[in-house]
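Participant: Handing you this structure, nothing more for now.
The values are calculated or read from the model by the stated rules, or taken from the named source; none is laboratory data. Since the structure is predicted, the reported quantities are computational estimates derived from the model, not experimental observations. With ideal geometry, Cβ positions are generated from the backbone for all residues, glycine too; neighbour counts draw on all protein chains shown. Calculation scope for accessible area: heavy atoms of the full protein, side chains included, ligands and nucleic acids excluded. Shrake-Rupley method; radii C 1.70, N 1.55, O 1.52, S 1.80 Å.
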Amino acid sequence: MERPYADDRVNDTRTRDTVVEMMAERGVTLEEIADIAYDLQSKYIKGLTRTQCLEHVERVVMKREVQNAILTGLELDKMAEKGHMSEPLRSMLMEDYGLYGIDEVLALAIVNVYGSIGFTNFGYVDKVKPGVIKRIDEAGKAKDRCNTFLDDIVGAIAAAAASSLAHRYAD
Ligand code: MG
């Protein structure tokens, strides 16, 4: 019998594949997220490689809380685009209304897993918008496109991976 999606395992490779695919559909690869984690940590960890960063991004997307946040956030972005959402929420998401704030709150569920370094990194990434986050943010400004949750989710995964690296390698 096929294993159902909602089981009790903390690490779920099947849902991992689903969320990785969902992010790819929305234009983001794990490698690009790893690049942000590299930029965040390379000055603190001597000899850090992009491969190590990618390993930690992979580790982050194995966590159930992270997968659930990705599933929820990306679904809301897509529903807003398709118009499958009531007002005023739809306009708030389509226009990435600055005082909405729930996109950041959802992303905190990702950062939460990795403690206080995660929060600091997330704040930084949210402000500076490095690499792919800037691109997501710009693409989301198109009239028919909604990346309101995606940018925060990507930033949070990068911040969480950076924290995971810090816990693993920092002395
Ligand atoms: Mg956002």
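Participant: It is to be established whether one or more residues within the stretch 104-111 are in a loop (DSSP other than H, G, I, E, B), under 25 Å from residue 65 (Cα atoms) and open to solvent by less than 40 Å² (accessible area, probe 1.4 Å).
Facilitator: To start, the set of residues in the stretch 104-111 that are in a loop (DSSP other than H, G, I, E, B) comprises none.
No.
Participant: Further question on the same structure: Just to be sure, is residue 27 in a loop (DSSP other than H, G, I, E, B), open to solvent by less than 50 Å² (accessible area, probe 1.4 Å) and touching a residue at least 24 places away in the same chain (Cβ under 8 Å)?
Facilitator: In short, yes.
Participant: Can you tell me which residue is farthest from the chain's Cα centre (by Cα) among those in the stretch 112-122 that are open to solvent by less than 40 Å² (accessible area, probe 1.4 Å) and small (Gly, Ala, Ser)?
Facilitator: 115
Participant: On to the next question. Consider the stretch 77-88. How many of its residues are more than 11 Å from the ligand (Cβ to nearest atom) and open to solvent by less than 60 Å² (accessible area, probe 1.4 Å)?
Facilitator: 5
Participant: Evaluate the following for residue 72: is it open to solvent by 20 Å² or more (accessible area, probe 1.4 Å) and more than 18 Å from residue 29 (Cβ to Cβ)?
Facilitator: Details: open to solvent by 20 Å² or more (accessible area, probe 1.4 Å): yes; more than 18 Å from residue 29 (Cβ to Cβ): yes.
For residue 72, the condition - open to solvent by 20 Å² or more (accessible area, probe 1.4 Å) and more than 18 Å from residue 29 (Cβ to Cβ) - is met.
Participant: Here are some residues: 50, 64, 3. Which one is farther than 22 Å from residue 138 by Cβ, modelled with pLDDT under 95, surrounded by 12 or more Cβ atoms within 10 Å (Cβ to Cβ) and not hydroxyl-bearing (Ser, Thr, Tyr)?
Facilitator: 64
For every residue, the table says whether it meets (1) within 10 Å of the ligand (Cβ to nearest atom); (2) assigned to a loop (DSSP other than H, G, I, E, B).
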{"site": "122", "(1), (2)": "no, no"}
{"site": "143", "(1), (2)": "no, yes"}
{"site": "149", "(1), (2)": "yes, no"}
{"site": "152", "(1), (2)": "yes, no"}
{"site": "155", "(1), (2)": "yes, no"}
{"site": "161", "(1), (2)": "no, no"}
{"site": "167", "(1), (2)": "no, no"}
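Participant: Give the number of residues within the stretch 57-67 that are assigned to a helix (DSSP H, G or I) and within 11 Å of the chain's Cα centre (by Cα).
Facilitator: Within the stretch 57-67, residues that are assigned to a helix (DSSP H, G or I) and within 11 Å of the chain's Cα centre (by Cα) number 4.
Participant: Looking at (1) open to solvent by 50 Å² or more (accessible area, probe 1.4 Å); (2) hydrophobic (A, V, I, L, M, F, W, C); (3) in a helix (DSSP H, G or I), which one does residue 99 not meet, given that it meets all the others?
Facilitator: (3)
Participant: Please enumerate the residues belonging to the stretch 148-163 that are of a type outside the set (D, E, K, R) and open to solvent by 10 Å² or more (accessible area, probe 1.4 Å).
Facilitator: Across the stretch 148-163, there are no qualifying residues.
Participant: Being at pLDDT below 95 and part of a helix (DSSP H, G or I): is that true of residue 90 here?
Facilitator: For residue 90, the condition - at pLDDT below 95 and part of a helix (DSSP H, G or I) - is not met.
Participant: Search the stretch 96-114 for residues that are over 9 Å from residue 156 (Cβ atoms) and in contact (Cβ under 8 Å) with a residue 12 or more places away in the chain and pair each with any residue that is of a type in the set (S, T, N, Q) and within 10 Å of the ligand (Cβ to nearest atom) when their beta-carbon atoms are under 7 Å apart and the residues are at least 6 apart or on different chains.
Facilitator: If the second residue must be of a type in the set (S, T, N, Q) and within 10 Å of the ligand (Cβ to nearest atom), the pairs left are 96/148; 103/148.
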